[in-house]
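Here the structure comes first, spelled out in structure tokens, and everything after it is commentary.
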Amino acid sequence: MRVLGIDPGLTRCGAGVVEGSVGRPLTLVDVSVIRTTSTLPVWERLAQLEAGIEARLDEYRPDAVAIERVFARSDVSTIMGTAQASGVAMVCAARRGVPVALHTPSEVKAAVSGNGRADKAQVGTMVTRILRLDAMPRPADAADALALAITHIWRGGATARLEAALARTADGARR
């Protein structure tokens, strides 16, 4: 399974592609950060994010896109930008028929570190170990995007297989 993880943000949007399956070593395919400048109008920044995400979808052709679920913070302007960036990522994936999964920050932290309250450094360290990297991905948005992809492979893939098995069982029971 190849997953594009997106850590949405209006100024810095992390994008990481990981390949692998549950129980097997995972492989880093690509990691980057799509950046926009705050001097541009929001709609132009969103168009730049769209172009960056589209380019990654075209180049890496993921089987799924995992996006951090937006959660309430005290700074409404940060929430708005994050939600807008998240929406752009969802639309880009939807246009291609690529499944989208939303993972909460605590779910991602728990998946990669075993602690739902892990800090950024702990998440970055575990991403480095899991993907057998020489150095921690920088900035944190890049490491977070990879953590989202890892979480989806480990949890999302298993969830999809369980749902498919349940659907097969239900179909068999109806016959």
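Points worth noting:
- The portion of the accessible surface of the chain made up by carbon and sulfur, rounded to a whole percent, is 54 (1.4 Å probe; DNA, RNA and ligands excluded).
- For Arg69, residues with placed amide H under 5 Å, excluding near neighbours: His103, Thr104
- Share antiparallel - DSSP beta bridges, the chain, percent rounded to 5: 65
- At the residue level, Ile6 shows approximately 0 square angstrom of accessible surface with a 1.4 angstrom probe and all protein chains present.
- Applying a length cut-off of 20 Å (Cα extent along the axis) and a mean Kyte-Doolittle floor of 0.5 to the DSSP H helices of the chain leaves 76-96.
- Fluctuation leader among Gly116, Gly124, Gly156 - the chain, Gaussian network, Cα springs under 10 angstrom: Gly116
- The residues of the chain expose on average 52 square angstrom of accessible surface per residue, using a 1.4 Å probe on protein heavy atoms.
- Simple rule: put +1 on each Lys or Arg Cβ and -1 on each Asp or Glu Cβ in the chain, find the dipole, and look at Met126, Thr78, Thr36; the Cα lying farthest toward the positive end is Met126.
- Label zone at Arg61 (point 7 Å along Cα-to-Cβ), backbone N below 12 Å, the stretch 77-97: none
- Residues in the stretch 109-139 that a label on Thr27 would reach, taking backbone N under 17 Å of a point 7 Å out along Cα→Cβ: 130-134
- Counted by Cβ distance under 9 Å from Gly5, the other residues give a net charge of -3, where Lys and Arg count +1 and Asp and Glu count -1.
- Sequence-distant residues sharing a close amide H with Ala64 (under 5 Å, placed H): Arg2, Leu4
- Furthest towards positive pole of dipole, Ala47, Tyr60, Val18, structure part the stretch 1-81, Cβ charges: Val18
- Amide H contacts of Val31 (H built 1.01 Å from N, in plane; Pro and chain starts excluded): Val17 sit under 5 Å, all sequence-distant by 5 or more or on other chains.
- Potential lengthening of the chain between Phe71 and Ser38 amounts to 9.7 nm, from the contour at 0.36 nm per residue minus the alpha-carbon distance.
The values are calculated or read from the model by the stated rules, or taken from the named source; none is laboratory data. Since this is a predicted model, take the numbers as computed values, not measurements. Counting neighbours? That spans all protein chains shown, and the Cβs are built from the backbone with ideal geometry, glycine included. Surface accessibility is based on the protein's heavy atoms, side chains included, excluding ligands, DNA and RNA. Shrake-Rupley method; radii C 1.70, N 1.55, O 1.52, S 1.80 Å.
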